[in-house]
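**Q** I have a structure here, written as structure tokens, and I will follow up with some questions on it.
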Amino acid sequence: MGDSQTTLQELKDRMASFVRERDWEQFHTPKNLSMSIAIEAAELMEHFQWLTVEQSKSLDAEHLAAIGEELADIVIYSLSLANNLGLDLSRTVIAKMEKNIRKYPSDKVRGKSHKYTFYQESDGGER
């Protein structure tokens, strides 16, 4: 099943079953899961480490598959962390997007890549 047919809850449930069947709840603490996410993110970055920007945009099927596996690991650990902490990911993501909309108003940031603090008013003036 693809993205358009699978819900986050289905993925979270599958992950919870996978962990439970292996008696891994004892290891899936917030500390360990957050560290695992960071480790997998570093493994994802390794795939791009020595590529040019252009090379990173035109990957062959083998590289895409390997990158997809690292990205899946990040999502899998994220789902486990959400399960462990009782977070509703859909609500959390939507709330964060709403916050980002306020932090990065499209009329001010379009085509720019500064941190949100760059766009905040300081000393009575706007940057």
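Readers should treat all values here as calculations from the given coordinates under stated rules, not as data from a laboratory. Keep in mind that what you see is a predicted model, and the values were worked out from it rather than measured. With ideal geometry, Cβ positions are generated from the backbone for all residues, glycine too; neighbour counts draw on all protein chains shown.
**Q** What is the dipole size for the chain, taken about its Cα centre, with +1 at each Lys and Arg Cβ and -1 at each Asp and Glu Cβ, in debye to the nearest 20? Display every interim value, and only then the final one.
**A** On the way: 16 positive and 21 negative charges, 150 e Å.
Roughly 720 debye for the chain.
**Q** Could you put 75, 93 in order, starting from the residue whose Cβ has the fewest other Cβ atoms within 10 Å?
**A** Ranking 75, 93 by Cβ neighbours within 10 Å, fewest first, gives 93, 75.
**Q** Rounded to a whole number, what is D in µm²/s for the chain from Stokes-Einstein with the Kirkwood radius over alpha-carbon pairs (25 °C, 0.890 mPa s)?
**A** Numbers: Rh = 17.7 Å.
Calculated translational D: 138 µm²/s.
**Q** Sticking with this one: Can you tell me the orientation of helix 89-103 relative to the chain, as the angle in degrees between its alpha-carbon axis and the longest Cα principal axis, to the nearest 10?
**A** The angle comes out at about 10 degrees.
**Q** Just want the answer: with Cβ charges of +1 for Lys and Arg and -1 for Asp and Glu, which residue in 48, 72, 16 is farthest toward the dipole's positive end in region 8-87?
**A** 16
**Q** Per DSSP helix of 4 or more residues, -39500 (n - 2.57); summed, then divided by the residues of the chain. What does that give at 222 nm, rounded to the nearest 500?
**A** Working: 6 runs with 80 residues, N = 127.
The per-residue figure over the chain is -20000 deg cm²/dmol.
**Q** What stretch of the chain, leaving out the sites themselves, is the longest with no GluC sites (Glu not before Pro) in a DSSP loop having at most 12 other Cβ atoms within 10 Å? Walk me through the intermediate numbers first.
**A** Numbers: sites that count: 121, 126.
Excluding the exposed sites themselves, the longest stretch runs over 1-120.
**Q** Return 99, 12, 108, 31 ranked ascending by Cβ neighbour count within 10 Å, so the fewest neighbours appear first.
**A** On the way: 99 11, 12 18, 108 14, 31 8.
Ordered by Cβ neighbours within 10 Å, fewest first: 31, 99, 108, 12.
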